[in-house]
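Peer 1: Got a structure for you, questions after.
The values are calculated or read from the model by the stated rules, or taken from the named source; none is laboratory data. Model, not experiment: these values are computed from the prediction. As a convention, Cβ positions derive from the backbone with ideal geometry for all residues, glycine included, and neighbour counts pool all protein chains shown.
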Amino acid sequence: MPEKRTVPRKHVDFYLRVLNDDTQEILGHMVEVSMSGLRLETSIQLPDSKDYFLRLELTPDLGSIPYIVFAAQTRWCKTDVFQPNLFQVGFKITEILPEDREIFARVLQKYGD
């Protein structure tokens, strides 16, 4: 399948937990990131094209707040090739506050390889 992504993602080498901000349910952890989206590794199969408010937990070196919240939509969900009990889920960021976008850029810079 040809690559549809126009902004390359970077692999995240640090465990950053992501929650559904509406339910406080842990969705998984971020494994790739770009300024327009992210990929989660999760034990939950998520439906395509569903809107979420995601809460990204931060480390103290990223800012003075414990987390940021932004709107994102699932674009795809696939069973992990190596661990079939896990899913890989692609999200497109649909809305994020400018100050949170700055923090998100720090995440990309600091933890993306």
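Peer 1: I need every pair where a residue in region 30-50 that is within 18 Å of residue 81 (Cα to Cα) has its Cβ under 6 Å from the Cβ of a residue that is outside any loop (DSSP other than H, G, I, E, B) and of a type in the set (Asp, Glu), sequence separation at least 6 or different chains.
Peer 2: Once the first residue is within 18 Å of residue 81 (Cα to Cα) and sits in region 30-50, its partners that are outside any loop (DSSP other than H, G, I, E, B) and of a type in the set (Asp, Glu) give 31/41; 39/32.
Peer 1: What tally of residues in region 39-67 results from selecting those that are over 14 Å from residue 20 (Cβ atoms) and part of a strand (DSSP E or B)?
Peer 2: Result for region 39-67: 2.
Peer 1: Then there is this: Taking residue 81 and the conditions (1) crowded, with 16+ Cβ neighbours inside 10 Å; (2) among the aliphatic types (A, V, I, L, M); (3) at pLDDT below 95, which numbered condition does it fall short on, given that it satisfies the others?
Peer 2: Result: residue 81 fails condition (1) only.
Peer 1: Further, regarding this structure: Take the residues in region 59-78 that are under 14 Å from residue 44 (Cβ atoms) and surrounded by 13 or more Cβ atoms within 10 Å (Cβ to Cβ), then tell me which one is farthest from the chain's Cα centre (by Cα).
Peer 2: 77
Peer 1: Can you name the condition, by its number, that residue 53 falls short on among (1) more than 17 Å from residue 26 (Cβ to Cβ); (2) out of contact with any Gly (no Cβ under 8 Å at 6 or more places or on another chain)?
Peer 2: Only one criterion in (1) more than 17 Å from residue 26 (Cβ to Cβ); (2) out of contact with any Gly (no Cβ under 8 Å at 6 or more places or on another chain) is unmet by residue 53, namely (1).
Peer 1: Of all residues in region 33-45, which are surrounded by fewer than 18 Cβ atoms within 10 Å (Cβ to Cβ) and under 18 Å from residue 58 (Cβ atoms)?
Peer 2: Matches in region 33-45: 35 only.
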